[in-house]
């Protein structure tokens with residue numbers, strides 16, 4: 001049974017409710033009448049039947065449970081939703097009680113893996129949403145954790161003359177995050193540190209910037225393989 005676009009959104013909302021109630025709530029199943037989709041009220045039986053037909057849920061005697069494939073789809077859906085909430089809260093300063101609507105609309109754009117990865121990297125692979133609920137780990141988060149601390153370091157730890165690629169930006173200060181984004185400090189951009197004192201002076205592309213230590217601490221850089229600690233050319237500090 002094919003779902004129309006609006007039905008797809010309702011399907012995602014059902015999966016989010018099931019993840020919250022079953023996986024995080026520790027239940028095996030939930031009564032179908034207890035699946036409340038915000039302003040839309042109880043879930044339409046048509047949506048539940050469609051999900052059952054797709055093998056996402058087991059629907060027996062009005063009891064709903066996730067299948068293995070439904071568990072994985074719900075995990076991806078709740079991850080996209082909570083990343084969206086984090087983005088709107090941290091970058092656009094949307095308050096907690098106003099997050100749901102824009103996050104619901106934006107999360108459907110994150111179905112594209114590359115966009116989801118970029119948003120997650122931009123936010124520094126956050127572990128929780130603004131409501132302090134866990135964000136399921138993505139592939140990009142696993143890869144970031146597997147890299148050694150020596151490979152990815154805060155720019156404040158780089159020596160003068162070192163360079164690398166921006167891995168992610170990590171700060172809970174929305175003003176700092178917006179300023180860094182406006183400067184073009186984004187994951188994947190090449191960065192080279194020219195000076196450490198009295199401020200951190202660095203280049204990204206053809207642009208040159210100066211930031212204080214607090215800002216520098218939030219920019220994480222992946223050193224190039226040929227330039228690990230102890231191998232960077234020393235450039236004399238300017239007075």
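The table below lists the values:
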| read-out | value |
| --- | --- |
| The chain: angle of helix 113-122 to the longest principal axis, Cα-based, in degrees nearest 10 | 50 |
| Relative exposure of 106, 92, 200, judged by other C-beta atoms within 10 Å (fewest first) | 92, 106, 200 |
| FRET efficiency for residue 146 and residue 91, using Cβ-Cβ distance with R0 set to 22 Å, rounded to 0.05 | 0.25 |
| Contact order normalised by residue count of segment 152-223, Cα under 8 Å, 6+ apart, percent | 47 |
| Alpha-carbon centroid distance for the pair segment 1-34 / segment 43-105, whole angstrom | 6 |
| Fully extended contour minus Cα-Cα distance, from residue 23 to residue 210, at 0.36 nm per residue | 62.7 nm |
| The chain: angle of helix 5-18 to the longest principal axis, Cα-based, in degrees nearest 10 | 90 |
| Percent RCO, i.e. relative contact order, over segment 4-56, from Cα pairs under 8 Å lying at least 6 residues apart | 34 |
| Length added when fully stretched, residue 7-residue 170, from 0.36 nm per residue minus Cα-Cα | 55.1 nm |
| Segment 1-146 - percent relative contact order, Cα under 8 Å, separation 6 or more | 19 |
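Read the figures in this text as sums done on the coordinates, not as results from a lab. These figures come from a predicted structure and were not determined experimentally. Reconstructed Cβ throughout: ideal geometry from the backbone, glycine too, with neighbour counts over all protein chains shown.
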